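Quick notes on the structure that follows.
Please treat every number below as a calculation from the coordinates, not as lab data. This structure is a prediction, so every number in the text was calculated from the model and none was measured. For neighbour counting, all protein chains shown are included, and Cβ atoms are generated from backbone atoms with ideal geometry for every residue, glycine included.
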Amino acid sequence: MSRYEPPQPPPEKLSEVEHNKAASRFLRGTLLESLADRVTSGIPERDNQLLKFHGSYLQDDRDLRNERAKQKLEPAWSFMVRVRAPGGVVVADQWLALTDLARRYGGNSLRLTSRQAFELHGIIKWQLQDTIAGINAALLSTIAACGDVNRNVMCTPNPHQSKAHAQVWQWVQRMGEHLTPRTRAYHEIWVERRKVVDTRDEEPIYGPTYLPRKFKIGAAIPPCNDVDVFSQDLGFIAIVEKGELIGFNVVVGGGMGMTHGEPATYPQVGTVLGFHAPEELIDVAEKVVTIQRDYGDRTNRKHARLKYTIDDRGVDWFIEELAARRGRALQPARPFEFTERGDRFGWTDGPDGRSHLTLYVECGRLRDTPERPLLTAFEEIARAHGGEMRLTPSQNVIVAGVAPERRAEIERIASRYALDDGSGGSAVRRESMACVSFPLCPLAMAEAERYFPDLMTRLERMLADAGLASEPIVVRMTGCPNGCVRPYLAEIGLVGKALGRYNLYLGGDRVGTRLNRLFRENADTEEIFASLEPIIRQFAAERKSGEHFGDYVIRAGIVAPVTSGRDFHSPR
Amino acid sequence: MSTPLLKVENSPFNAEQVALLNQLLGTLSAEQAQWLSGYLTAFQRVLQAGAVAPGGAAPAVVVPSVSAVQEDAGSGAGGAVGGGGPVTVLYGSQTGNAARLAQQLAKRAKAVGLSVAVHCMSEFKTSQLKKLANLLVVVSTHGEGEPPDKAKEFYDFLFSKRAPRLESLRYSVLALGDITYKQFCHTGRQIDLRLEELGAKRLRGRMDCDVDYREPADQWMAEVLAELTATKAPAKLALVGAGQAAGHGAAGHVCTGACGSQGQAGLVSLSLPAAPVFDAEEPVYDRSRPFSAEVIENYNLNGRGSDKETRYVKLLLEGSGIRFAPGDSLGIVPENHPSLVDDLISAMGWRPDEPVRVGKHDLELREALLQHYELTQLTRPLMEQLSEFSTDGLADMVARGDAEAMENYAKGRDVLDLVRDFGIRGVAANQFVPRLRKMPGRLYSISSSYAANPDEADLTIAAVRYQAHGRARYGVCSVYCAERVKPGDRVRVYPNENPNFRLPADPDAPMIMVGPGTGAAPFRAFLEEREELGATGKNWLFFGDRRFRTDFLYQTDWLRWRSSGLLTRIDVAFSRDTSQKVYVQHRMAERAREIYDWLQEGAYFYVCGDQKAMAPDVHAQLRAIVQQQGGLSGAAADDYLAELQRQNRYQRDVY
């Protein structure tokens, strides 16, 4: 039982999206009608809000927006379609099916996201139903890949601890299933493509208006914090003893998104609440979700994530509320240690005689260009492999569990296409990420993915000049402050404010437990490099042995450490 | 034929005038009598205009006609020629030119004392035909020999078995067309021949007019009126307009000036000196006196990656006094492509700055060719005119009278090809240039509402470009607008009424508009007007083009109007987006029931755009819908559509 009555804001205070959800009849809205409207290749905003729950939303080619407006043409609308892959795991046939869909409908491009999902971009409205139906035919789904629900669950895809990974992944996958919306609207719209009369829908966990805002869950297997467990609304840290999973530490209240100029919004790192046994995982997750369902702010979407619910009411309140709902308290948290966050590239051999190949994919972007036909390369690998493929939280690919007799062929393909197994390129580039941003993302304020390669090249040169050519610094760049590649947990974070201008953040730690702090505001790229260069030289000269860049800037007093998101906006 | 002497009793003259006139008339040769007849007709007009100079200076333009007019229908009748009787003017008009000419004709006929009635062919009861005494037909031809929509029923009747014998009928036909079309003036020709076949007698041979119809039409009017007033004139005389070289015979008179109504016809250009003048009610700006309008905007409506280019041209009409109604068009008098002009000048060995005579003025050759003459179309009369300069094949081709060979040659070729292919050079510019066809204007439906924006006119212009005979070719006006006209520049424009393409008078009447491609242009004006006036009638648009993403002309306007509720429905078809081509008529078929319901509610049905394929397909689809939804036979469906047309509820502007 709840110690407090959950708030019930009067209807006039509820955000517009809440009204829309309530009237949507379990996420149907007028989506079927809007999809059938031939006069626009977009859909109305109210349907777009609902479409997100189905794993897709409307974008337009931002490069053409002004030009087309003048030409009296609507924006060049298209749809992003996100495919769930719990813990980033799919099998080769599914990979091939997605590749085929990318070729047919997605402009020959497949993206691997920072949440271990796939994204197809540029899907036009007339082909959206075919695309999603094709995804379902491959036994994959897009449901709840976006929207005010639990999104794709993340899980360390670590190939070094095969047994623990298998156990954690299975629990996480079942939890994801448990938290999947039950509405039949998804099947109606994308598979049957017609209205089904007399359906009875029930959402036993979410209720008819789902959650106040997006909800993210990730499970990390120490020593690797690749999933950025402290950035999740709900994180789990697997506690493994002697190769066996014995339970999870629960972390709540992390989250990246904020809004420029609104200090009431901030990124936050999660708090470790306690420990529970593996078989309690689904119950803990469900109860955390229902607390947020009941107490999350439905009047202000910029204040609706779990982090604000907890910060407003306090961690103690949350612990008690959770215990009350579960009928039992958590055990004290178990010790854990994170020592790394990135992927280990190249081949590793498992104890079962199978091996794993981790390959770097810049910005998670697989497409065919004449110089680098990456989509084709991975298609060939999937075909030759025939087994499991895993996406990492850093947008890379693990060809997992390769049978000994297939290894040579996969090696040949990787070498023919010059795929990066960690032996080429720089450490800083492999550790770093950028979001999609322009031209497709509707939220983009500045370039990210398109500018990232140049940024990296300049940074590499700067590091090389300072004698730090092999220094792995985590750099993350986003085109807006919503934080899709978790830039506030980077050693160097660049967050777009306007075309060519970014906020520069410094002082996150290497393993993702500390937020960074604003160092330069609204700086153009020249200013950014000009301010970084002396710091990097200073770092090269003054660093202690094994000291990472993010820790150095704190020790050197260049920025003060951020201990809580509520401290994020205070001056350095 | 003996000439009865004038008497005070049988004429309006007093005794002194009778004596003087009889004295003079007795001495006249046939040619002199004819000349005088023309003179007097013009003299009388000048009198009516109240502008006759003291001493009765002759109108500047009256010249003797070249040859005889038709036999007098009343020949053999003695005494005061009794051929009189009321005059009926029937017109078949698509773009409004024929209607305008018919009204002018009627006015002039009344002015000379004739009793006259004017009818649109669609409004004329065909049962009355056999009762007529004098019939004057003004009719245009469209596309590949099509009669105007509103002439179809009359035309079909005339060629049916129901057509009566017309032995007591006198008639003449003024045919409008565009000589660049193979079936030039076909409708007028057919009507002319058919009336003869039915026993009617020509008052005067048919006059076929090219797009520059002003002068030949004036000539024809003067002559038929002279013929009809022969009861009052002592001899058969005719007035002939100035400047036309060609003669006319029983087969009809072809005028080869510039102008027109066949196709997307437009007209004229030259600021010629006071030609035989039409009514003072003519607009201040017209084909021969275009307004110089500033271009405010000019950009491509087709998005990146399109294989089409459709220009959105916004013109400033402020201060021109030009008014227009939705459905009207604006003519643009283009300039030739400078490289074509330069190539021609160099091919002919001329100097760009040598003077040539254009009308009353001497212009520099390059300027004259840029502004005043058509170079991009070859017509048969032009080829005939220029054949005398040819040292080889062209003269032979013309001499053989090989029409097919000439047509085949003309396809996709221009004057530059002609002089190159047939080795024409060494001809003085002053010899050559006057034989060229005057630069016709091109008409474009206005895409904006005068009521909403009186100082502006939006045009929607598809750029025409293609390859032929080893050179890049283009539509002279569309590419002029697409490539050489920039915002701030001025273009020569004139208004052109389109009385057969009008919004319903009733603002509550529903309307269905079918306008793929640039056919959407007038419907943007329709909707803007209805929005401005707060008209409450339902509106339904069918639009189509090649590709949704790049070719959806005015998409955001339609979407805005759909959101506001002004546009009740819109259905679209994009032919290149799917493996099977989908066109507007297919969308109509999907909405058959609703279309029929709208028609039953009194909806107006409009079609604008391509004449060759789209309009017939849409018509066939509409007929099928009416037949199927109304449970009608084919003939009854035709009647249903004919009735729609009679009620002006089925209007087309096709080209």
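Results, tabulated for the structure shown:
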{"quantity": "Relative contact order (%) - the range A:121-271, alpha-carbon pairs under 8 angstrom, separation at least six", "calculated": "20"}
{"quantity": "Packing-based ranking, highest mean first, of B:126-133, B:321-328 given that Cβ atoms within 10 Å are counted", "calculated": "B:321-328, B:126-133"}
{"quantity": "Amide H within-cut-off set for A:GLY350, under 5 Å, with H built and near neighbours excluded", "calculated": "A:SER355, A:HIS356"}
{"quantity": "Packing rank of B:178-184, B:353-359, where each peptide gets the mean count of other beta carbons within 10 Å, highest leading", "calculated": "B:178-184, B:353-359"}
{"quantity": "Beta bridges by DSSP in the protein assembly as shown, antiparallel share as percent, to the nearest 5", "calculated": "65"}
{"quantity": "Dipole axis of the range A:203-311 (+1 Lys, Arg; -1 Asp, Glu on Cβ), positive-most option in A:THR299, A:GLY257, A:GLY247", "calculated": "A:THR299"}
{"quantity": "Partnerless Cys - chain A, beta-carbon criterion under 4.7 Å", "calculated": "A:CYS146, A:CYS155, A:CYS224, A:CYS363, A:CYS441, A:CYS480"}
{"quantity": "Mean separation of Cα contacts under 8 Å (6+ apart) over length of chain A, as relative contact order %", "calculated": "13"}
{"quantity": "Cβ charges +1 (Lys, Arg) and -1 (Asp, Glu), total dipole of the range A:287-444, debye", "calculated": "600"}
{"quantity": "Local electrostatic count at A:ASN158 - Lys and Arg +1, Asp and Glu -1, tallied over other residues with Cβ under 13 Å", "calculated": "+1"}
{"quantity": "At R0 = 30 Å, FRET efficiency that the Cβ-Cβ distance of A:ARG416 and A:PHE529 yields, to 0.05", "calculated": "0.25"}
{"quantity": "Contour excess over end-to-end distance, with Cα ends at B:LEU316 and B:ASP638 and 0.36 nm allotted per residue", "calculated": "111.6 nm"}
{"quantity": "Check: chain A dipole with +1 on Lys, Arg Cβ and -1 on Asp, Glu Cβ, in debye", "calculated": "700"}
{"quantity": "Gained length - B:ASP421 relative to B:GLN103, 0.36 nm times residue gap less alpha-carbon distance", "calculated": "109.9 nm"}
{"quantity": "Distance (nanometres) between label positions extended 7 Å along Cα→Cβ at B:HIS361 and B:ASP597", "calculated": "6.0"}
{"quantity": "Structure-based [θ]222 nm, the protein assembly as shown - -39500 (n - 2.57) summed over DSSP H runs of at least 4, per residue, nearest 500", "calculated": "-9500 deg cm²/dmol"}
{"quantity": "Cα→Cβ-extended label distance, 7 Å offset, between B:GLN32 and A:ASP100, nm", "calculated": "9.9"}
{"quantity": "Relative contact order of the range A:352-399, defined on C-alpha pairs under 8 angstrom at six or more residues apart (%)", "calculated": "48"}
{"quantity": "Charge-dipole axis of chain A as Lys and Arg at +1 and Asp and Glu at -1 on Cβ define it, positive-most pick from A:TYR266, A:GLY401, A:TRP190", "calculated": "A:TRP190"}
{"quantity": "Estimated FRET transfer efficiency when R0 is 56 angstrom, pair A:TRP317-B:ARG304 (beta carbons, to 0.05)", "calculated": "0.50"}
{"quantity": "Span-like helix ranges in chain A, DSSP H, alpha carbon extent 20 angstrom or more, Kyte mean at least 0.0", "calculated": "A:281-295, A:525-542"}
{"quantity": "Rough spin-label spacing in nm, given labels placed 7 Å along Cα→Cβ, for B:LYS486 and A:ASP198", "calculated": "7.1"}
{"quantity": "Cβ-placed point charges (K, R +1; D, E -1), dipole of the range A:242-324 about Cα centre in debye, nearest 20", "calculated": "400"}
{"quantity": "Under 17 Å from the B:ALA505 label point (7 Å along Cα→beta-carbon), backbone N, the range B:582-604", "calculated": "B:602-604"}
{"quantity": "Calculated FRET efficiency for the pair B:ASP156/B:GLN377, C-beta based, R₀ 35 Å, to 0.05", "calculated": "0.65"}
{"quantity": "Environment charge at B:GLY401 (Cβ cut-off 13 Å; Lys +1, Arg +1, Asp -1, Glu -1)", "calculated": "-3"}
{"quantity": "Shape call, chain A: gyration tensor on alpha carbons, a/c limit 1.5", "calculated": "rounded"}
